[in-house]
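The values are calculated or read from the model by the stated rules, or taken from the named source; none is laboratory data. Because the structure is predicted, anything quoted here is derived from the model rather than measured. All Cβ positions, glycine included, derive from the backbone under ideal geometry; neighbour counts span all protein chains shown. Ligands, DNA and RNA are excluded from the accessible area calculation, which covers all protein heavy atoms including side chains. Shrake-Rupley method; radii C 1.70, N 1.55, O 1.52, S 1.80 Å.
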Amino acid sequence: MENETAYLLTYNGLGDYITIIGALNFLSNHYKHIYMICRIGSIENMKLLLPDKPITYIPIQPTGFSLTSN
């Protein structure tokens, strides 16, 4: 029996997204629709990595994070 919908939330770095590709492939075999919360700057990369999967990306822009010193 195939379930309707899955939501996926993970850490928001591109490397983190790459490590969950296996999980997304697994979910795509068991769910008709997958919604993944994804950083705006990584959505196009994820679409390239998983072009034929039923994934809808929910864009977020994390705030309060900076790698530079003020």
Some residue of segment 22-33 being more than 21 Å from THR63 (Cβ to Cβ) and in contact with a helix residue (DSSP H, G or I) (Cβ under 7 Å, 6 or more places away or on another chain): no
Failed criterion for PHE65 (all others in (1) hydrophobic (A, V, I, L, M, F, W, C); (2) at pLDDT 90 or above; (3) open to solvent by 80 Å² or more (accessible area, probe 1.4 Å) hold): (2)
Tally of residues being among the aliphatic types (A, V, I, L, M) and under 15 Å from GLU4 (Cα atoms) across segment 16-62: 5
Subset of segment 1-18 that is at pLDDT 90 or above and either of a type in the set (Asp, Glu) or touching a His at 6+ places or on another chain (Cβ under 7 Å) (or both) - its residue that is most open to solvent (accessible area, probe 1.4 Å): GLU4
Residue tally, condition surrounded by fewer than 12 Cβ atoms within 10 Å (Cβ to Cβ) and within 9 Å of the chain's Cα centre (by Cα), over segment 19-43: 0
